[in-house]
Amino acid sequence: MTRILNKIDSIVEDPHHFLESCEGYPYYHQRVGNYRIIHDLNDRDRIIEVLKIGLRKNVYDR
């Protein structure tokens, strides 16, 4: 859990540098071992929202 929280904290200054876009979706993801963190970015208001955290094999399920 600490690794995930540290990874989320690391993107605050420059989220576009650390996040990859999700193909076919308006969201971004971040890798932490076998886990993925799905984010929504609002550049205008400078808001980074964590939408979902889960294992890679099922975090992208609809």
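The values are calculated or read from the model by the stated rules, or taken from the named source; none is laboratory data. Owing to the predicted nature of the structure, the values given are computational and were not obtained by experimental measurement. Just so you know, the surface numbers come from the protein's heavy atoms only, side chains and all, with ligands and any DNA or RNA stripped out. Shrake-Rupley method; radii C 1.70, N 1.55, O 1.52, S 1.80 Å.
See the values below:
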item	result
Coarse-grained scattering of the chain at q = 0.16, 0.24, 0.28, 0.30 Å⁻¹, given as base-10 log I(q)/I(0) from a Debye sum over alpha-carbon atoms	-0.47, -1.06, -1.38, -1.52
Accessible surface of the chain [probe 1.4 Å, protein heavy atoms]: carbon and sulfur percent	46
Potential lengthening between GLU20 and ARG56 on full extension [0.36 nm per residue; Cα-Cα distance subtracted]	11.5 nm
Value of [θ]222 nm, deg cm²/dmol, for the chain, DSSP H segments ≥ 4, -39500 (n - 2.57) each, nearest 500	-6000 deg cm²/dmol
Probe 1.4 Å, protein heavy atoms only - accessible area per residue of the chain in square angstrom	80
